[in-house]
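Down below is the structure, laid out as structure tokens.
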There are 4 protein chains.
Amino acid sequence: MDILIDSLKERALEHKNTLCIGRTHGIHAEVTTMGLKFAQWYDEMARNRKRFIEAINEISIGQISGAVGTFDHLSPQVEEFVCENLGLKPEPVSTQVIQRDRHAYYLAVTGIIAGTLEKIATEIRHLQKTEVLEAEEFFGKGQKGSSAMPHKRNPIVCERITGMARLMRSYISPAVENIALWHERDISHSSVERVVFPDATILIDYMLQKSIDLIQKLIIYPENMMKNILLTRGLTYSQKVLLALTESGLSREASYAAVQDAAMRVWRDESLNLKDELLKNDVVKNNITTERFDSIFDLKNSLKNVDYIFNKAFK
Amino acid sequence: MDILIDSLKERALEHKNTLCIGRTHGIHAEVTTMGLKFAQWYDEMARNRKRFIEAINEISIGQISGAVGTFDHLSPQVEEFVCENLGLKPEPVSTQVIQRDRHAYYLAVTGIIAGTLEKIATEIRHLQKTEVLEAEEFFGKGQKGSSAMPHKRNPIVCERITGMARLMRSYISPAVENIALWHERDISHSSVERVVFPDATILIDYMLQKSIDLIQKLIIYPENMMKNILLTRGLTYSQKVLLALTESGLSREASYAAVQDAAMRVWRDESLNLKDELLKNDVVKNNITTERFDSIFDLKNSLKNVDYIFNKAFK
Amino acid sequence: MDILIDSLKERALEHKNTLCIGRTHGIHAEVTTMGLKFAQWYDEMARNRKRFIEAINEISIGQISGAVGTFDHLSPQVEEFVCENLGLKPEPVSTQVIQRDRHAYYLAVTGIIAGTLEKIATEIRHLQKTEVLEAEEFFGKGQKGSSAMPHKRNPIVCERITGMARLMRSYISPAVENIALWHERDISHSSVERVVFPDATILIDYMLQKSIDLIQKLIIYPENMMKNILLTRGLTYSQKVLLALTESGLSREASYAAVQDAAMRVWRDESLNLKDELLKNDVVKNNITTERFDSIFDLKNSLKNVDYIFNKAFK
Amino acid sequence: MDILIDSLKERALEHKNTLCIGRTHGIHAEVTTMGLKFAQWYDEMARNRKRFIEAINEISIGQISGAVGTFDHLSPQVEEFVCENLGLKPEPVSTQVIQRDRHAYYLAVTGIIAGTLEKIATEIRHLQKTEVLEAEEFFGKGQKGSSAMPHKRNPIVCERITGMARLMRSYISPAVENIALWHERDISHSSVERVVFPDATILIDYMLQKSIDLIQKLIIYPENMMKNILLTRGLTYSQKVLLALTESGLSREASYAAVQDAAMRVWRDESLNLKDELLKNDVVKNNITTERFDSIFDLKNSLKNVDYIFNKAFK
């Protein structure tokens, strides 16, 4: 987990200012940066790390308290001695076994970690789609994609992680069901745990290993990101122009009419772009200085608070 | 949760030395006390309280960072100001929304709390069974059980809690699925959360309220507990006698033969008890002093480490 | 499954008239028979068998339709030929793969079958409890229970089945999540199915094998069943007496007062039984003939419709 | 469900020959048609309809068999009479209640139906993405998308359905847990069913209503589909050319070299397309007739088996 977190930070810093379109509902919204995506994953993984340490503490517990937890045949000092030597804390009150709320907590946390890895994998699967192609899983020289189509590189590691996250969250419910053992212990939890614990711990380890490799070698295509930003030919800036016009003193109605008129033309005709269409309108030209106008359409302005976010994330 | 924890402690102290049989696999094992059951629940509930505080911290987060989380139209200082006034911490890196691993964690923790309440309810359902009758849910004077059978008092609150715990753990999986939103946000989490959050929070509150009432008013029948302990007529002490005989210098084989012989007779004939049958055997009589013998069959000896456990649990 | 169904029928017929107390909410209700328990399991397992055949049909499907399901490079006749030779039906409309609603259905059905096996196992765990002891898992001569306590025979097979049922139902959710593959196929289902299909099919087979053995060799203790029936000393018949009194022309108020008075005395004093206490009351004596009275307290009357149920179940 | 099935059929026939790219792993694979997507959904929904009818049969069961299912106070004929009048079948063997495997089956089936609706919704969300834009949820004239960006139409109905499918599958597990009631009935299932049954049935009804509207009014953009097909400038046909060259007698090595050389140039240079680049190569020109060559690159050839599939699906 530490290596993954470090790798996410490294890629975040590397692509801090690599512009790409932000999407909500799958639709272009406003510009963001690839570095911010990595930074968000870094921040979430750091939360998961904190949760995981807590989960390990929760199950680092030992118990030698007899058939029903009363220390009837053995002194509690034996439990204390053994636990201390094993680096465990004694269970304050046990029955025949350590209580299973601890194990449920551990599996809930690993299920959530898998959910974060699924989120990362899902994003990359989207970015690798043929029409988008802003990023790609590393594709080794000897690796076989599709023999006939050189463009056919499939995000199979990300797809695998997606499926494994479904498995990881399926382990939570039986672990929570295990809490309500009968009386001083029944053994129904055992058949569950023999499957769930090795599977869950091996799986999350594998997912983390794969994710480290995925992030470290992920291929980023900044030029395609820019191409996608330009796909809507400036329409994403219509809100900023509207704001600038009303600030210049123009009525909201007149401002909106001017922007809408230009936007609709651009929307219908792929050869047009919003900036040029707006400049054909005297109302716009007379109310916004060229300087202001250029500033609105300057993508770098969208980055003005990236430093703030990075400082907060990586302090 | 605080009231429930206090109530569990109070009942634990009240029944610290109320002897009852401990059961593993549903079968009588060794003697324990009703207070130890309460103490174990107290200890587990205290863990849940700690988890719940962490879960609240995890979702006490605010965010006003724009359409894709870049603070394009608004200064981060607005977010800081608003969050501070609302007692929230700003999300370090957000997209259009606060990340859903936080909400998944919250629902996992409440699902686990419900698992603990289910454990308590399951124990009481077992103790209230006609053949056991060591405890009963409080049954109000005006309350209608069964009109015809005065003994028919059903543990309906415990059964209700059991069912509701199934609901509570069912909320975890959709919450974990919500983590992997597309890009800077898709709105698929919303329809889930509109159902799951009100239902889960109302339900866990109701379960806690019911559990407080359940614990505070739970009727305990110490005389029935003693009756059940005596059901096996001393057989639970055969291991201690065996140990005493071998310590006295008798060979393990001879010791085992002596105890087994007596135990088998007791097992087959309900009118016999282990102590008397053992005393008919000279091998036993000559190797264990009357004092030692009485001490073995003195139930109070099973309580010798209860103080140790209580001190650890309620320090 | 067929062997299990046959075994359940055999044990049902064997214990058709073996009286035992029926319990609702864990509390004694009215008398039933052990055969009826087996008959209910038989009936439910027969439903499961029907569902399972349907589930097998649902996944006995083949497909050779090319990269996106269009038969672009290969004639549909190849698919037809191969499927016919493999005993499969061709998928009417496929993408690159057979659709995953079929697999989800299969795993839902096996999860439900496991739920039925869990129900049987849970019942036996209850019947084997020390205070109840109406039935026991077979315990081989060489089998080691507890070395010290000859009565300590644990229902470990039933407990194991209980835990495995938790696993079996945990496979349903990832299988349903697998349905929504992207476009003409993504490979996220694969990592899920590599784990879930072998585990689920091996596990349900093992659970069925264990259940066959469990049912065939289950030890039934009719004398303990009768002992438990008598535990409440006739209180379960109070409703029938009440009914007979009102039918005799006595007012409901007077009838209820008479029965309640006797019932309360019996409830408080373990040395009393309802029949004798009622007969001490002249109101009862004068309104119910001795014949009718004996008939009410004749356990065999509770069996009058068992034939009807068996005829329906095993027609 | 019937209306949805009819609507899917109607849209399938309407777009039977509307070409679009098929995608596997999110990457362009081979050409298919929009009608085939609808046809596949139609076929799957028809399966769900069959399952749903079976599920309704499974729970159309009545029972009036007394406190523990023995018809102690009431003749079985009453049950028969009432059930017949209510259009229900009597439960062959009941306890105090109808057995809960039936309800689990019903909720499993509705959860799977929701999975199919999620698949449809997920596909449309993908097709509506800005870079793809092959289909769009209907967007009413008065409907508010985003005030500033006329292109910002979000697939909110599909996203809502996606979330609701998560809820629908979360109901399965508690329903399966409800099967193992204690003895002749405990009431733990009741608190589950009071929530799960109204929620699941209302939700699936709502999802179906929304899906009908979604399918009937779904806007299809055939011209964008064609634009996306052409995105890879003929690369999807490289396999067919390779096949044709080897069939002409050319060695596989020489064939592969010729195709790969052209494909690589096209892959690197967006101004090139595979057909023209291949024709520059004499090896290709001399081994494939112009007629064959045109036929390979004729999209209509990909439709040659669509009739076969439609005949099978809509027979």
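Bear in mind that the values in this text are calculations on the coordinates, not laboratory data. Small disclaimer: the values here were computed from a predicted structure and weren't measured. FYI the Cβ positions are ideal-geometry reconstructions off the backbone, even for glycines, and counts take in every protein chain you see.
Can you give the mean number of other chain Cβ atoms that lie within 10 Å of the Cβ atoms in peptide A:63-74? Display every interim value, and only then the final one.
On the way: counts 0, 0, 2, 6, 12, 11, 9, 13, 6, 11, 4, 1.
Mean shielding by partner chains, rounded to a whole number: 6.
So what does the Cα-only Debye profile of chain B read at q = 0.07, 0.09, 0.10 Å⁻¹, as log10 I(q)/I(0), no solvent term?
Rounded to two decimals, the profile gives -0.46, -0.67, -0.75.
With each pseudo-label sitting 7 Å past Cα toward Cβ, what's the D:Asp213-D:Ile61 distance in nm, one decimal?
It works out to 3.7 nm between the two label points.
What is the calculated FRET efficiency for A:Val78 to C:Asp2, with r their C-beta to C-beta distance and R₀ = 56 Å, to the nearest 0.05?
Efficiency at R0 = 56 Å is approximately 0.60.
Tell me the label-point distance for the pair B:Glu10, B:Arg265, using the 7 Å Cα-to-Cβ offset, in nm and rounded to one decimal.
5.1 nm
For region B:168-315, what is the per residue volume of the convex hull drawn over the alpha-carbon atoms, in cubic angstrom?
251 Å³
Suppose you put the label 7 Å out from Cα in the Cβ direction; list, shortest first and in nm with one decimal, how far D:Asp276 is from each other copy's label.
Once sorted, the set of distances for D:Asp276 reads 2.3, 10.9, 11.0 nm.
Which ³J(HN,Hα) values in Hz, rounded to whole numbers, follow from the phi angles of region C:129-136 under the Karplus curve 6.51 cos²θ - 1.76 cosθ + 1.60, where θ = phi - 60° and Gly and Pro get x?
4, 3, 6, 9, 6, 9, 7, 8
Give me, ordered by chain and number, the residues 5 or more places off C:Gly62 or on other chains with an amide H under 5 Å from its own placed amide H.
C:Lys89, C:Glu91
Can you give the FRET efficiency to the nearest 0.05 for D:Tyr206 and D:Asp307, using r as the Cβ-Cβ distance and R₀ = 35 Å?
E between D:Tyr206 and D:Asp307, to the nearest 0.05, is 0.45.
Please list 3J(HN,Hα) in residue order for region C:62-76, calculated via the Karplus relation 6.51 cos²θ - 1.76 cosθ + 1.60 where θ = phi - 60°; whole Hz, with x for glycine and proline.
Calculated HN-Hα couplings, in order: x, 7, 9, 10, x, 4, 10, x, 9, 6, 6, 10, 9, 6, x Hz.
Quick check on packing: order B:272-282, A:112-122 by the mean number of other C-beta atoms within 10 Å, highest mean leading.
On the way: B:272-282: 16.4, A:112-122: 25.6.
Ranked by mean Cβ neighbours within 10 Å, highest first: A:112-122, B:272-282.
Over the whole of A:33-43, what's the average partner chain Cβ count within 10 Å per residue? Rounded to a whole number, please.
On the way: counts 2, 0, 0, 7, 5, 1, 3, 8, 2, 2, 5.
Mean partner shielding for this stretch: 3.
At 7 angstrom along the Cα-to-beta-carbon line, where would the label on B:Gln77 sit relative to the other copies? Give the distances in nm, shortest first.
Ordered by increasing distance: 6.6, 8.0, 8.9 nm.
Using amide H atoms built 1.01 Å from N in the peptide plane, name the residues 5+ places from C:Thr33, or on other chains, whose amide H lies under 5 Å from its own.
Placed amide hydrogens put C:Cys20 under 5 Å from C:Thr33.
At what distance in nm do the modelled label points of C:Glu54 and B:Arg252 sit from each other, each positioned 7 Å from its Cα along Cα→Cβ?
5.8 nm
Any chance you could check the Cα centroid distance between region B:90-107 and region B:43-57 for me, in angstrom?
For region B:90-107 versus region B:43-57, the Cα centre distance is 19 Å.
Among chain D residues, which Cβ is nearest the axis of the D-onto-B rotation, and at how many Å?
Result for the D and B rotation: D:Ser170, 2.
With point charges of +1 on the Cβ of Lys and Arg and -1 on the Cβ of Asp and Glu, referenced to the Cα centre of chain A, which listed residue (A:Gln209, A:Gly35, A:Trp182) lies farthest in the positive direction of the dipole?
In chain A, that residue is A:Gly35.
Below 8 Å between Cα atoms, with a sequence gap of 6+, how large is the relative contact order for chain C in percent? Kindly include the intermediate steps, with their values, before the conclusion.
Values: 373 pairs, mean separation 60.5, N = 315.
Reported as a whole number, the value is 19 percent.
Karplus couplings for region B:162-170 from phi (6.51 cos²θ - 1.76 cosθ + 1.60, θ = phi - 60°), rounded to Hz, Gly and Pro as x?
Working through the residues one at a time gives 4, x, 5, 5, 4, 5, 4, 6, 6 Hz.
About the Cα centre of region D:39-136, what is the dipole size in debye to 20, counting +1 per Lys and Arg Cβ and -1 per Asp and Glu Cβ, all else neutral?
Details: 10 positive and 15 negative charges, 25 e Å.
My answer is approximately 120 debye.
If Lys and Arg each add +1 and Asp and Glu each add -1, what is the summed charge of the other residues whose beta carbon sits under 10 Å from the beta carbon of D:His25?
It works out to a net charge of +3.
Would you list, by chain and number, the lysines whose Cα falls below 21 Å from the Cα of D:Lys217, excluding same-chain residues fewer than 8 positions away?
List returned: D:Lys9, D:Lys16, D:Lys37, D:Lys119, D:Lys129, D:Lys141, D:Lys144, D:Lys152.
How big is region B:78-123 in terms of Cα radius of gyration and Dmax, in angstroms?
That works out to 16.5, 52 Å for Rg and Dmax.
What average count of beta carbons from other chains do you get within 10 Å of the Cβ of residues in C:96-107?
Average neighbour count from other chains, rounded to a whole number: 4.
Cα-based Rg of region D:235-296 per 2.2 N^0.38 Å, rounded to two decimals?
The reported ratio for this selection is 1.00.
Using unit Cβ charges (K, R positive; D, E negative) and no other charged atoms, how large, in debye to the nearest 20, is the dipole of region D:235-296 about its Cα centre?
On the way: 8 positive and 10 negative charges, 17 e Å.
Result for region D:235-296 is approximately 80 debye, rounded to the nearest 20.
When all C-alpha to C-alpha distances in the protein assembly as shown are sorted into bins of 20 Å, what percent of pairs does each bin hold, rounded to whole numbers?
10, 34, 32, 18, 6, 1
Sort all Cα-Cα distances of region A:14-169 into consecutive 10 angstrom bins from zero, then give the percent of pairs in each bin up to the one containing the longest distance.
Bin by bin from 0 Å, the calculated values are 9, 24, 23, 17, 12, 10, 4, 0.
Using a Förster distance of 35 angstrom, determine the FRET efficiency expected from the C-beta separation of B:Asp298 and C:Asn17, and round it to 0.05.
According to the calculation, E is roughly 0.15.
In degrees from 0 to 90, rounded to the nearest 10, what is the angle of the helix B:2-14 Cα long axis to the longest principal axis of chain B?
For B:2-14 against chain B, the angle is about 10 degrees.
Which value, in debye to the nearest 20, gives the size of the charge dipole of the protein assembly as shown about its Cα centre, when Lys and Arg are +1 and Asp and Glu are -1 at the Cβ? Show your work: numbers first, answer last.
On the way: 160 positive and 168 negative charges, 1 e Å.
Around 0 debye, computed over the protein assembly as shown.
Can you grab the distance from the C-alpha centre of region C:222-300 to the C-alpha centre of region A:112-132, Å, no decimals?
So the two Cα centres are separated by 71 Å.
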